[in-house]
Each structure stands twice: as structure tokens, then as C-alpha cells.
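A.B. asks: Below are the C-alpha cells for one structure; questions will follow.
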Amino acid sequence: MAPQSLTYKTVGSLPIKLDLYLPPKSETNPPILLWFHGGGLLQGSRSGVAPHMLSGVSKYGFALVSADYRLAPQATIDEIVSDVQDCLTFIHDKLPQHMPLGVTLDTSRIAASGSSAGGYLALLAGLYSKVTPKVVLSMYPITNPYGKFFTTPQPQRIPDIIPDRHVDKSVVAQYIDRNTEIVADNDAASTRNKLYFYMMQEANLASLLSVKPGDDTYIIADQLRKRGSYLPCFILHGDADRFVGIEQAEEVVEALKEIGADYEYERLEGLDHVFDNDAKFQLEAMYDFMNKHLT
């Protein structure tokens, strides 16, 4: 399935792009599922869409948008969230103008989704976007850069990627330099893809994202309790996740419960991070929840 690539925002000379996957022509005025990739907001690309999401375009009849955003630490979390906001505004106001003749989209029905750091952005979209999604679908999300998982050095248990269980600073030095050129994606062969593992080892996510100590703007559970309400929200997380501790999700689930939000939570036994890159996982419950809130 070949997507249509569009620039939704330009910062200086940097184009920030999204990929649009359209359902079969038999679908009239489909809703939109906006998905953000993972990578700790430090690395990654819009190209990493999971099989269930690609097959869902035909299976459920939604238009899929996979969007890039500027990467930290060269971009701050404030700037990254502004990309999310601008992406939603572009989808709502301008995306229909880019459709082929006879193709329409229902921009009043948008679901915000993401995996890992992208799940974090989906949750933040529900808090801070002017164009408000109808439903949030957050998969194994980061939710609190000051949580225990991200303030405790994590052992590297990935010998196929980090054979010596340590990422030398020299490998990622150019990427932790805040004066390095800002990018909005990186390719699979880039050594930038070791930056997340370096962050885990150094336990410095909040610093890399420019989240100041004592600022709870980007701590999801704290914001939910302050606001007392939230959008319909589906969260799933594997209880064997080595790369985002499951307590990150469960802190938010507890807050959603306290404020009486409409939510569902799937705690998946024995599953690690990005388990859904395996096509056998189709996440039907998540899509059922989405469809219920987009009809």
C-alpha cells in the first residue's frame, strides 16, 4: 500500500511530513486515524506503521495518517507538541484539499493514536490540541518523563542491538548536541537509533526533552487529575515491556479511573515493547473502541 506524502508544516527549511493511506474507493467520507511513531521523541520515522494499522485501512475503512515531528533534544517537547497541534489543524483544515477528485474525508471524526513516545503524543493531543480528536488510542505509552523507569538507569537487555550492553557516548555525541541540525525523522541505518538506548542507560529522558523539574505540564496523570475529565481513551501495554515500564501506562489508567473517564485498558501478559510489529496481533478491541467513538 503506497501512501501519499504531504508536507504539513515547514520550520525554517525543514519540511515536516505525513503519509496518507486511503481506504478503498467504496468507503464514503471515512474518518481519520492519526498515528505518531515511537522512539522516545528522540528517533524514528513515520514509515514504521504496524501491520494491524495498515490492514485496518481496508478492514475498518478509515484513512490513516502517519506523521513525523521534530526530534529531541534539538527540538524541545514544547516544539514537538506544537507539531502535533499543527498536524491536527492541517488534517482538519487543509487535508481535504489534497484529495483526488471525488474523494472526501470526514475531518470531524479524528482518532489520535501512537506507539510508545507516539502514544505519549496522542495523549498530549487529547490535552492540548485546538482540534480535538474524538478518541485517543495509546499503545505502550511513555506518560511521565520523571517516572521511576526514566529516572533509573535501565540495563541493556538487547544483545542483538547492543552487544556489550553499553552505548558509548561517542556513538550518539552528534545527536545529543542541541546545536546539531534539527531533523523530523531518521532512516533505519542511522546511529541515531541508539539514542533511545543511551537515554535508558543514562536515565535522562526529561533533560533530553527539556522538561523542567517541577513542571507537570507533560505528566499525563497529573494533568488528568487537574482537569477532572478526558476524552474516550484506550490504552494497552505489555507487562513484559523492557523499554517503557508498564507503570507508565498504569499511572494514567488509575487517573482515568479516578476522574470517571470513558476508558478501556488492556494489560497484555508476557508481551514486550512493539509486540504489534508481528502481524498476528490485530488489536480488535482497540479498533472496536475506536469505531464506537467515531460513529
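Only the coordinates and a few stated rules stand behind these numbers; no lab work does. These numbers were taken from a predicted model, which means no experiment stands behind them. Glycine also receives a Cβ, built like all others from the backbone with ideal geometry; neighbour counts cover every protein chain displayed.
A.B. asks: Going through 252, 183, 274, 211 one at a time, which residue ends up being surrounded by 15 or more Cβ atoms within 10 Å (Cβ to Cβ), more than 30 Å from residue 15 (Cα to Cα), of a type in the set (Val, Ile, Thr) and out of contact with any His (no Cβ under 9 Å at 6 or more places or on another chain)?
C.D. replies: None of the others qualify; the one that does is 252.
A.B. asks: Considering each of 282, 248 in turn, give the residue that is under 17 Å from residue 139 (Cα atoms) and touching a Ser or Thr at 6+ places or on another chain (Cβ under 6 Å). Before you say what the answer is, go through the steps one by one.
C.D. replies: On the way: 282 fails: touching a Ser or Thr at 6+ places or on another chain (Cβ under 6 Å).
After applying the criteria, what remains is 248.
A.B. asks: Further, regarding this structure: Pick from the stretch 34-76 the residues that are aromatic (Phe, Trp, Tyr) and over 12 Å from the mean Cα position of the chain (by Cα): which of them is nearest to residue 13 (Cα to Cα)? Step through it out loud before you land on a result.
C.D. replies: Residues of the stretch 34-76 aromatic (Phe, Trp, Tyr): 35-36, 60, 62, 69.
Going one step further and asking which of them are over 12 Å from the mean Cα position of the chain (by Cα), we end up with 60, 62.
Working: 60: 37, 62: 32 Å.
Per the criteria, the residue is 62.
A.B. asks: Then there's this: Which of the residues that make up the stretch 255-271 are surrounded by fewer than 17 Cβ atoms within 10 Å (Cβ to Cβ) and out of contact with any helix residue (DSSP H, G or I) (no Cβ under 9 Å at 6 or more places or on another chain)?
C.D. replies: 257, 260, 269, 270
A.B. asks: Determine which member of the set 252, 211, 167 is within 20 Å of residue 116 (Cβ to Cβ) and touching a strand residue (DSSP E or B) at 6+ places or on another chain (Cβ under 8 Å).
C.D. replies: Numbers: 211 fails: touching a strand residue (DSSP E or B) at 6+ places or on another chain (Cβ under 8 Å); 167 fails: touching a strand residue (DSSP E or B) at 6+ places or on another chain (Cβ under 8 Å).
Going through 252, 211, 167 in turn, just one is within 20 Å of residue 116 (Cβ to Cβ) and touching a strand residue (DSSP E or B) at 6+ places or on another chain (Cβ under 8 Å): 252.
A.B. asks: Can you name the condition, by its number, that residue 57 falls short on among (1) assigned to a helix (DSSP H, G or I); (2) closer than 30 Å to residue 178 by Cβ; (3) out of contact with any helix residue (DSSP H, G or I) (no Cβ under 9 Å at 6 or more places or on another chain)?
C.D. replies: Single failed check for residue 57: (2).
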